[in-house]
Structures are given as structure tokens and as C-alpha cells.
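S.K.: Take this structure, written in C-alpha cells, and hold onto it; I'll ask about it next.
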């Protein structure tokens, strides 16, 4: 962090960012639910340049058996970047970063899913990053949440996620790859809008206490925008030919 | 739209339904004083209870449900059947051969082998063990012929209809015999190819359009038309 690439203009004098967005604007987000036939639930998200496919399997038998819990079902998440998802080939084996992101996405989804209804089972979430452009953990979490709802896993709320951060001394919404590399702070936020609860909060960089508060508020605004898109994706799949409400 | 339908609304997980102090039936959860949907479906608020009729989800075995299963393997004195759920149905050898009997594996294989389709009842189901299934009834047992169809288990009540209206109208107009499992598996048998195809098309139609109103009329119209 902290301005590694000085030649990139992250914010011009008119308050326009390197990709033409305003400071409080997200990238274009499109989500499609139910794209994989063999999965119990699935979703495909395009979050700016990010392209991520999510597949949910289960509830199903737990293997190895010792991982099963007699009181509740367990959630397992695998976040994986394809070798071709970044400019230079990424080794396909899970890296430290991928293991960490799998863990934080799992912990961000756990407050929402109600797996106590399925003891001794596992719900597997597979997240494949086909193309990465900064903010993949948020985009992957958005897709995972839609895929879980599509699979019919009972959920207290959908989890939506969006990052906020700081670049060129300004607070910005939805940090892209350049801003992540050359900016001053990146704060991914996962949020359950109906319950008003934050399930994911990370911060890479330095913010003052005041900036931190404003950054969270900005991030939550982004989350709410993504939430509407998530809901529309599910409505389109399930209620598109309907005439109610 | 009829009066009772106006209370139904499309909901997604997390959607607020009501604050009224009603009995929570299915796919809803109480968060503070707010009743919230936990599944994609139609909210149904009646005079004393609230529920969400789900449009997606897995089958959870309930005692006395009639299900269709496929025998997967024999282990010890039991058959284990795939009942389209996250749990396997366990059929005890004693249920078929009588109490106190200990049949050999070959005897069991002779009666029911891997891949056989059975129509069974959920005899017992709890959180600790695999659900126990039984075929000890006249209408239950091995299914020898027919076309096996799989639809979403959440749409089975729609396929059956009120007091069996939908399934009866499909059976009557196609001369097909339809065995419906609560777990989303259906066996259709019919002597006439046209009738079979029509019944299958009707089942597919229910699966795809379960959330729409006037579905019974639409299915009837389709069955009355000549082509499939």
C-alpha cells in the first residue's frame, strides 16, 4: 500500500477516478442465478472486470466423516483463482491468500445460513475466479450468497459485499485493481442489510478514526446497491414469468 | 385475484413479512419482533400462522411421508436407499423378512438389489440417525416399471393439488398411473405412448410454473390439446 505506482493518476482534479467513475460509484455489477445444471445452486457475477462462478453442492454427506457435526451442518468454502485469471499465470495450487479468502468468506456466510436444520451434513461452496480485477473476495461473496439462496439453503438474509477504501487522499467506493495496488487503504465489507449486521470487515492500509467511520458508511452504501442486484438476479430466475407483487 | 391470494407475496431470504404475533410454520424466522423469510418462495399469512411456501430446497424426511428411493447398497442387515435427500433411507432386513430373521446378503439381493426402485414410507426420522424407511404395506414395495421423473421436492404439493385435484386431472386425461414421492421423485406408467408423454409434459409444466396462479387451468388446457 501507500503509493507504489506513482505514475497512475488515481483521482483527477474533477474527482474522476482512473476508470472514469466518481468516488462514490461502484463498477457495473451483473449477476445471474442458476447457471450450472449439476450444482444444487449456482451464480455468475461480473463485478467490473471480475468474473466469478459460484457453485453450491449440498447439504450432502460429509467426507471425511470426522468433520461432521451431530448438531449442525457445516459450511465449506473453496475460493480458487484460475491460472488464466490474472496477467501472469497463477499456479493452480491453493495459495496462502486463497486459503485466507476461503476462510473469511466462510465466516462471512456462516451468520446467514441456518445449517442447524441439516445435522451431519456439509454444504460446499466452490468459487472459481475466471478473471480478477481487484475486489474478488467481495464479488465472490456476493455470488456465493446468491448461489446458496438458489440452492434452497435456509438463510436469515442475503450477504452482500462491497469494498471501500482510500486513494489519492480521498475515500472511494469499490476499489479496483489499480487503486488496490497504488492506493492507501482497502476495506472489504460484508453486510446483511435486513438484519443490519456486518459479517466481514477487513482493512489493509491506514485510516484515521474519522476516515474509518466514513469508509464503513460508504462501503455499506455500496453493499446496499449490490443487494438490489442480488435480489433482482434471484427474482429473474424464480419469479420472472409471475404476476404477483 | 381471489382474496386469499392477495396475502401471498414473492419473498427472498431476509425479506420482512409481518410483525403480527402469529405462529411460525415453515421457512420463516423471528428476528426481534419481525418475521423474516428464510427461503425463496411465496409468503402465506393466514389468520393465525405465517409461512413461506418454498420454490427451492432439499427434501427433509418426515415421518409418514411416502417416498420413492433407489437401492444403493446392502450393509449388514439393511438396505440403504437414495431418497433424494441429504440423508440415506435405511430399510431394515427385518422389515421385509419378518421380525427376528437374519437374512444373508444373497437372500437380500434376491429380494431387492442395487438399482431397484422402491416406494416406501418414512417410518422414523430424527436428527441423530439415518431415516428409517419401511415397505411393509400393500401399496408399498418394489416398482417394476414406469418412467422415473425428478422434480423439485418443494413443488410436490403443487403437483398433487388441493385434495389431489391436479394429479387426478392429469391421471384422468392421460390414463397414466402416477406414483408420487414426497421427495420429488415420480414414477409414471402408461400403456399409451401419447398419454405417457402428455403426463410427463404436464409434470414438467408444474415444476416450471409452480409459482403461477391458475396453473390447474393451464395444465388442463395443455392436456386437452392434441399435440404434446
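The values are calculated or read from the model by the stated rules, or taken from the named source; none is laboratory data. Source: prediction; values computed, not measured. Cβ placement follows ideal geometry from the backbone for every residue including glycine, while neighbour counts extend to all protein chains displayed.
S.K.: So, residue A:37, is that one closer than 28 Å to residue B:152 by Cα, out of contact with any strand residue (DSSP E or B) (no Cβ under 6 Å at 6 or more places or on another chain) and surrounded by fewer than 19 Cβ atoms within 10 Å (Cβ to Cβ) or not?
M.R.: Numbers: closer than 28 Å to residue B:152 by Cα: yes; out of contact with any strand residue (DSSP E or B) (no Cβ under 6 Å at 6 or more places or on another chain): yes; surrounded by fewer than 19 Cβ atoms within 10 Å (Cβ to Cβ): yes.
Yes, satisfied.
S.K.: I want to confirm something. Restricting to the range B:31-42 and keeping residues that are surrounded by fewer than 21 Cβ atoms within 10 Å (Cβ to Cβ) and farther than 17 Å from residue A:113 by Cβ, which single residue is farthest from the other protein chains (Cβ to nearest Cβ)? Give the steps one after another, and end with the answer.
M.R.: Residues of the range B:31-42 surrounded by fewer than 21 Cβ atoms within 10 Å (Cβ to Cβ): B:31-34.
Subsequent filtering for residues that are farther than 17 Å from residue A:113 by Cβ retains B:32-34.
Values: B:32: 9, B:33: 13, B:34: 9 Å.
So, considering only residues that are surrounded by fewer than 21 Cβ atoms within 10 Å (Cβ to Cβ) and farther than 17 Å from residue A:113 by Cβ, the one farthest from the other protein chains (Cβ to nearest Cβ) is B:33.
S.K.: Sticking with this structure for a sec: Inside the range A:57-82, can you point out the residues that are outside any strand (DSSP E or B) and within 20 Å of the chain's Cα centre (by Cα)?
M.R.: Here is the first cut: in the range A:57-82, the residues outside any strand (DSSP E or B) are A:62-73, A:82.
Scanning the range A:57-82 gives a single hit, A:82.
S.K.: Identify the residue in the range B:187-196 that is assigned to a helix (DSSP H, G or I) and touching a helix residue (DSSP H, G or I) at 6+ places or on another chain (Cβ under 9 Å) and, among all such residues, is surrounded by the fewest Cβ atoms within 10 Å (Cβ to Cβ). Let's see the steps before the verdict.
M.R.: Narrowing the range B:187-196 to residues assigned to a helix (DSSP H, G or I): B:193-196.
Narrowing the set further to residues that are touching a helix residue (DSSP H, G or I) at 6+ places or on another chain (Cβ under 9 Å) leaves B:194-196.
On the way: B:194: 13, B:195: 20, B:196: 19.
Here the residue is B:194.
S.K.: Considering each residue of the range A:120-150, count those that are assigned to a loop (DSSP other than H, G, I, E, B) and within 10 Å of chain B (Cβ to nearest Cβ), and give that number. Please lay out each step first, then the result.
M.R.: Filtering the range A:120-150 down to residues assigned to a loop (DSSP other than H, G, I, E, B) leaves A:120, A:132-135.
Imposing the further condition that a residue be within 10 Å of chain B (Cβ to nearest Cβ) reduces the set to A:120.
So the answer is 1.
S.K.: Condition check: closer than 11 Å to residue B:150 by Cα and not in a loop (DSSP other than H, G, I, E, B). Does residue B:200 satisfy that?
M.R.: Numbers: closer than 11 Å to residue B:150 by Cα: yes; not in a loop (DSSP other than H, G, I, E, B): yes.
Criteria met by residue B:200.
S.K.: For the structure I just gave you, tell me whether residue A:104 is part of a helix (DSSP H, G or I), touching a residue at least 60 places away in the same chain (Cβ under 8 Å) and in contact with a strand residue (DSSP E or B) (Cβ under 7 Å, 6 or more places away or on another chain). Step through it out loud before you land on a result.
M.R.: Numbers: part of a helix (DSSP H, G or I): yes; touching a residue at least 60 places away in the same chain (Cβ under 8 Å): yes; in contact with a strand residue (DSSP E or B) (Cβ under 7 Å, 6 or more places away or on another chain): yes.
Yes; evaluated as a whole, the condition is true for this residue.
S.K.: Tell me which residues, restricted to the range B:1-17, are modelled with pLDDT of 90 or more and either exposed (fewer than 15 other Cβ atoms within 10 Å of the Cβ) or closer than 14 Å to residue A:112 by Cα (or both).
M.R.: Let us first name the residues in the range B:1-17 that are modelled with pLDDT of 90 or more, namely B:9-17.
Correct list: B:12, B:13, B:14, B:15, B:16.
S.K.: Further question: Residue check: is residue B:21 more than 14 Å from chain A (Cβ to nearest Cβ), assigned to a loop (DSSP other than H, G, I, E, B) and either under 30 Å from residue A:113 (Cβ atoms) or under 18 Å from the mean Cα position of the chain (by Cα) (or both)? Before you say what the answer is, go through the steps one by one.
M.R.: Numbers: more than 14 Å from chain A (Cβ to nearest Cβ): yes; assigned to a loop (DSSP other than H, G, I, E, B): yes; either under 30 Å from residue A:113 (Cβ atoms) or under 18 Å from the mean Cα position of the chain (by Cα) (or both): yes.
So residue B:21 fits the description; yes.
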